[in-house]
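Since the structure comes first, as structure tokens, the remarks are kept for the end.
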Amino acid sequence: MSSSKNLSTSKLVPQKILLVGVVAIFLSANLSFSEDRLRDVIDGHVESAWKTNKLPPLAQSSDGEFARRVYLDLLGVIPNYAEIVAFLDDKSDDKREKLVDKLLNDPRFAGHQAEVWDQVLFGRNPPGYGTDKRSGFQTWLRERFKENTPYDQWVKSILRAEGNTVDDGAPMFFVQYKNKPEDATEAVTQKFLGVQLQCARCHDHPFEPWTQLDFYGTAAFLARLQVVEAGKKNKLPMYVIGEKNLGDVLFTGPVTEQEVGKKGEAVKPKFLQGDPLEEPELPKDFKEDRNFPNGKVPPKPKFSRKDQLAEWIARADNPYFSRAVANRIWAQFMGRGIVHPVDNMSESNEPSHPELLDALAAAMIEHKFDLKWYIRELVNSQSYQLVGSGELEDALPKWFERARTRPLSAEELLDSWNVAVGYEAIQKASGAKPSEDRYAPLGSGYLMQFFGKPNNGVGDFQGGLHEHLYLNNGGIARLLSSAKGGLYDSLVNSEAPWEERVDKLYLSLLSRRPTTEERETFVAFLSDEKDPRTRVGEAIWVLMTCSEFRFNH
Amino acid sequence: MHTMECPTHEHVSRRALLKNTLATAGGGALMNWGSLFNSKATAAEVKKNQKRCILLWMNGGASQFETFDMKIGRPTGGLFREISTNVPGTRVCELMPTIAQNMDKLAVIRSMKTSQIDHPGGIHLMHTGYSQASGIRFPEIGGVIAKYLGSEGSDLPNFIKIFSHGNTGAGFLGPKYQPFSLSPEGRLPSFSTSNLNPVNESRRNALRTFVEDSYASGHKAETARMHREAYDASRRLQNVQGVFKIDGEWDKYRDLYGDSAFGRRCLMARRLIEEGVPFVEVGQSSYDSHADNFVWHRGLLPPMERAWAGLMIDLEQRGLLENTLVVWMGEIGRTPNVNNRSGRDHYVRSWSTALAGCGVKGGLVYGESDENGVDVKDNPVSEGDFFATIYKALGIDPETEHYTGVRPIPIAPFGSKVVNDVLL
């Protein structure tokens, strides 16, 4: 197995001793802990939790295992044959760190991170009309990652809903919750603050401090939003978010005590667990047009409640904001949040490593929400680079005592299959124009049906019977093309010994060389027949559909 | 969770095991995925009963005024007449003559009072017992039944839908309990059938098994195990493709079920139940009669009621009815007032559902609406009460809990009451 051989030079135990030494020196020199590298701080906390829980230290991942993991996590795709061979053959000590730097500067990094966040903010089946076509938003988000715009800044843009949905993208977020300030409140607090207020919508929360007035106090900030159609552009309806000067959410008390025809009381905006918003009074005789005209950018209100909320949410000293994002990105790379699930940070759902979470949130603030810096520290930690194998059945180990096993997303699967079989090279060799379809050649219909929607929202693995029927019975036949330039062609028409060809097969699909037993088994399978064509196709299919390919581990 | 290997669950009571879930609640959402000691043991205990369930799903919401709760002579009554049934004193709509002759098998609930008035919300509610909530994927009733009444390693999936409505599926129960959906015509979903030469398929499978085994020897994560198990299930499905071919049997049963698409679906459901599938949902669409309510019901009810009665008779003749619960419901009822397009709109303050078989008291009407059918007069039944009753009839404790994170979620919502009066 990949994990049992070729341990990297950085064995854990000596590293740990070294780390303790470093910390001791820093402390004695009266330097603050935060001046230590975050990656070391992470390892210190993770290891001390192992000790507390009497868990044995673990070995580090093999190079192939690490490369595949970090390519998938940073770029959303496995390394191609040339990339993995180059990395495995690199003899330098710091090659992992160099690889991380290279991948963080790869244009695919921005594309993949934007797709991850697009799923956080929209999901596979977003509510609202027109939100399924949001290339404006997706492009805008990709630019944010390309420029490494600080997280607090781009979140502010989303919440202030600046610009339009086609050119700027950001306002598309609120289009999901058109005329539904309560839904918008649930989404905003859950996605950006990591807290769940939905119970408080109908009754005071049974286990948490949230009251119905917390919920409606937050909803009051969003009660005046309107989704306004501002003409068309690039054949897409263009929306902007307008905000009125008047309008309130009405609170009628617990839902069980509701009566037909009972009108609620207007609730004033109040910051979550904080002060009421101070807002200027409107003139007594103020009158407002009932509706914004379509096709025009609406005028700004005299006083924007929404902007006040945006500023408050994304403030560094907001007690929820920095912890929520530090925890969410931690979970993206480490499998589970220190508070898990990541959008339920509450008193009843305690962090597994409270001091580590404090340290991560503090680092996030100190580095001004620089996500690229934060991600670099995470993936350079020893904790991220542990082996993926072991006896533990939990896919997302609570004490991070093994790398997590997470399924590839629909996009990651497609891109990885394409890279493995040389789809791009086949297209080039055939002289065909590159497809503009993000989901070529399998198409988004089947991909979403079998791999996308089953994992919607919560991220649980739902790949059951149906995905195997698709994989077994012809769904991926297009990727087994025998055309010039592809993996299949290069294996069938090679003069090299089968041993070498099997190595290439494994490196192309599983980012590692086969074990001796695997090599022998595959060589026997492939060289058994006069015409190996069918068998090569079958062998590629086997590695395309196996668990080792299906998961990032 | 190593305890799952332990065979002692035979000796442990279910109550004790359910308590055990509280102690292990910190394990997170994954623990529900069929791998936990408590869940498995509970499943083993319940499975002995061999109970089954067929859900007849009236999509769009059939009218209570045109079926079981007519208001003859009242302003809210419709155009149809009432007929007597084989249960003295109980009368139903003239569009259901076959059901009328089998009323002794049915317990009708005339006092449904539920909380979701539109289709998506109602379809979710009446498939799960819960209103939609962001961040929680509630399992459909079929997923719950598949988990507690299904058999491991069966060739047929444990949760089958024919003309599927609702897309919540297994929710947090995990991939093992996902529905397998046939088309309205009973066709298998795309890619269900292998077109490979069996020699090639088994050769390919042997190589794949080698690869999977070598990965599994070092990687024990349960998601990967589920992936392997699902692959095995996809191959086993090839063994039973004949079960889905009903043309031959249809010729014999066409008269009993009535010559309709819904009748064929019901026959398919009976075959699947007989083959050991614990849950089959059969859909009919659409009762959403905002206009021309009476025309729609005149078209939809006769084939439906004929097939429904035929199904119960067929199950009874085979000795299956006493262990097969037949549930009849949609997501909503319809308004007392007839609108200016001769339609009835959505209504959930008072409407009707029905149960039969599997320990249900036949020939019974439970609950009552007021004289115009505007509100429930007696014995209101909430969605939670209805689900609790279904689970109780099937021998599954309605208080059985699953966890998402630290939040306990019973299969019927907290506070639901079993309607014991409709059970034997």
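The values are calculated or read from the model by the stated rules, or taken from the named source; none is laboratory data. Just so it is clear, the model here is predicted, and its values are computed rather than measured. FYI the Cβ positions are ideal-geometry reconstructions off the backbone, even for glycines, and counts take in every protein chain you see.
Against the conditions (1) over 22 Å from residue A:533 (Cα atoms); (2) away from chain B (no Cβ under 12 Å); (3) outside any loop (DSSP other than H, G, I, E, B), where does residue A:435 fall short? Just the number, please.
In the conditions (1) over 22 Å from residue A:533 (Cα atoms); (2) away from chain B (no Cβ under 12 Å); (3) outside any loop (DSSP other than H, G, I, E, B), residue A:435 misses (3) alone.
From A:92, A:157, grab the single residue that is of a type in the set (Gly, Ala, Ser) and more than 23 Å from residue A:328 (Cβ to Cβ).
None of the other options fit; the residue is A:92.
For the subset of region B:223-265 comprising residues that are among the polar types (S, T, N, Q) and surrounded by fewer than 18 Cβ atoms within 10 Å (Cβ to Cβ), which member is nearest to the other protein chains (Cβ to nearest Cβ)?
Of everything passing the filter in region B:223-265, B:238 is nearest to the other protein chains (Cβ to nearest Cβ).
Any chance region A:206-215 includes a residue that's crowded, with 18+ Cβ neighbours inside 10 Å, at pLDDT 90 or above and assigned to a helix (DSSP H, G or I)?
no
Which of the residues that make up region A:362-392 are without any contact (Cβ under 8 Å) to a residue 24 or more places away in the chain and part of a helix (DSSP H, G or I)?
The one that is without any contact (Cβ under 8 Å) to a residue 24 or more places away in the chain and part of a helix (DSSP H, G or I): A:373.
On the given criteria, is residue A:152 crowded, with 19+ Cβ neighbours inside 10 Å, among the acidic types (Asp, Glu) and either in contact with a strand residue (DSSP E or B) (Cβ under 7 Å, 6 or more places away or on another chain) or in a helix (DSSP H, G or I) (or both)?
Working: crowded, with 19+ Cβ neighbours inside 10 Å: yes; among the acidic types (Asp, Glu): yes; either in contact with a strand residue (DSSP E or B) (Cβ under 7 Å, 6 or more places away or on another chain) or in a helix (DSSP H, G or I) (or both): yes.
Considered against the rule, which asks whether it is crowded, with 19+ Cβ neighbours inside 10 Å, among the acidic types (Asp, Glu) and either in contact with a strand residue (DSSP E or B) (Cβ under 7 Å, 6 or more places away or on another chain) or in a helix (DSSP H, G or I) (or both), residue A:152 comes out as yes.
Quick check on residue A:424: is it more than 14 Å from every other protein chain (Cβ to nearest Cβ), among the charged types (D, E, K, R) and either closer than 30 Å to residue A:36 by Cα or in a helix (DSSP H, G or I) (or both)?
Yes.
Can you tell me which of A:395, A:359 is touching a residue at least 60 places away in the same chain (Cβ under 8 Å) and not in a loop (DSSP other than H, G, I, E, B)?
A:359
Please verify whether region A:543-553 includes one or more residues that are crowded, with 21+ Cβ neighbours inside 10 Å, among the β-branched types (Val, Ile, Thr) and in contact (Cβ under 8 Å) with a residue 40 or more places away in the chain.
Yes, region A:543-553 contains a residue that is crowded, with 21+ Cβ neighbours inside 10 Å, among the β-branched types (Val, Ile, Thr) and in contact (Cβ under 8 Å) with a residue 40 or more places away in the chain.
Which one of these is assigned to a loop (DSSP other than H, G, I, E, B) and over 20 Å from residue B:116 (Cβ atoms): B:365, B:338, B:374?
Selected residue: B:338, the only one of B:365, B:338, B:374 that is assigned to a loop (DSSP other than H, G, I, E, B) and over 20 Å from residue B:116 (Cβ atoms).
Within region B:105-138, track down each residue that is in a strand (DSSP E or B) and within 13 Å of chain A (Cβ to nearest Cβ).
Matches in region B:105-138: B:133, B:136.
Could you grab me the full set of residues in region A:216-239 that are in a loop (DSSP other than H, G, I, E, B) and modelled with pLDDT of 90 or more?
Residues satisfying the conditions are A:223, A:224.
How many residues are in contact (Cβ under 8 Å) with a residue 40 or more places away in the chain and under 19 Å from residue B:362 (Cβ atoms) when one looks only at region B:378-424?
Count: 12.
Going through region B:209-222 one residue at a time, which ones are within 7 Å of chain A (Cβ to nearest Cβ) and touching a residue at least 12 places away in the same chain (Cβ under 8 Å)?
Those that are within 7 Å of chain A (Cβ to nearest Cβ) and touching a residue at least 12 places away in the same chain (Cβ under 8 Å): B:212, B:222.
Check region A:390-398 and report whether any residue there is more than 7 Å from chain B (Cβ to nearest Cβ) and surrounded by fewer than 20 Cβ atoms within 10 Å (Cβ to Cβ).
yes
Go through B:416, B:352 for me and flag whichever is over 30 Å from residue A:352 (Cβ atoms) and in a loop (DSSP other than H, G, I, E, B).
Result: B:416 is the single residue among B:416, B:352 that is over 30 Å from residue A:352 (Cβ atoms) and in a loop (DSSP other than H, G, I, E, B).
Of everything in region A:159-190 that's of a type in the set (A, V, I, L, M, F, W, C) and in contact with a Ser or Thr (Cβ under 7 Å, 6 or more places away or on another chain), which residue is surrounded by the most Cβ atoms within 10 Å (Cβ to Cβ)?
A:172
Among residues belonging to region A:342-351 that are surrounded by fewer than 20 Cβ atoms within 10 Å (Cβ to Cβ) and touching a residue at least 60 places away in the same chain (Cβ under 8 Å), point out the one that is farthest from the other protein chains (Cβ to nearest Cβ).
Of everything passing the filter in region A:342-351, A:347 is farthest from the other protein chains (Cβ to nearest Cβ).
Show me the helices (runs of 4 or more DSSP H) found entirely inside region A:1-82 where at least 3 residues are among the acidic types (Asp, Glu), under 24 Å from residue A:352 (Cα atoms) and at pLDDT 95 or above.
The helices (runs of 4 or more DSSP H) meeting that bar are A:38-52.
Working only within region B:35-74, note down all residues that are modelled with pLDDT of 95 or more, part of a helix (DSSP H, G or I) and of a type in the set (S, T, N, Q).
The one that is modelled with pLDDT of 95 or more, part of a helix (DSSP H, G or I) and of a type in the set (S, T, N, Q): B:64.
So for region B:193-203 (the condition being away from every other protein chain (no Cβ under 11 Å), within 20 Å of residue B:274 (Cα to Cα) and either surrounded by fewer than 18 Cβ atoms within 10 Å (Cβ to Cβ) or among the hydrophobic types (A, V, I, L, M, F, W, C) (or both)), does at least one residue qualify?
No: region B:193-203 contains no residue that is away from every other protein chain (no Cβ under 11 Å), within 20 Å of residue B:274 (Cα to Cα) and either surrounded by fewer than 18 Cβ atoms within 10 Å (Cβ to Cβ) or among the hydrophobic types (A, V, I, L, M, F, W, C) (or both).
With respect to residue A:124, determine if the residue is surrounded by fewer than 21 Cβ atoms within 10 Å (Cβ to Cβ), modelled with pLDDT of 95 or more and either within 14 Å of chain B (Cβ to nearest Cβ) or within 27 Å of residue A:451 (Cα to Cα) (or both).
Details: surrounded by fewer than 21 Cβ atoms within 10 Å (Cβ to Cβ): yes; modelled with pLDDT of 95 or more: no; either within 14 Å of chain B (Cβ to nearest Cβ) or within 27 Å of residue A:451 (Cα to Cα) (or both): yes.
No, not satisfied.
For region B:323-367, enumerate the residues that are of a type in the set (Asp, Glu) and crowded, with 23+ Cβ neighbours inside 10 Å.
B:331
Across region A:496-540, what is the total count of residues that are assigned to a loop (DSSP other than H, G, I, E, B) and more than 18 Å from residue A:86 (Cβ to Cβ)?
10
Could you tell me whether residue B:73 is surrounded by fewer than 17 Cβ atoms within 10 Å (Cβ to Cβ) and of a type outside the set (Phe, Trp, Tyr)?
Criteria met by residue B:73.
Of the residues B:108, B:144, B:92, which is free of Cβ contacts under 8 Å to residues at least 40 places away in the same chain and either crowded, with 17+ Cβ neighbours inside 10 Å or touching a Cys at 6+ places or on another chain (Cβ under 6 Å) (or both)?
Going through B:108, B:144, B:92 in turn, the sole match is B:92.
Only one of A:448, A:544 is more than 25 Å from residue A:81 (Cα to Cα), aliphatic (A, V, I, L, M) and in the same structural domain as residue A:415 (by TED's automatic domain parsing); which?
A:448
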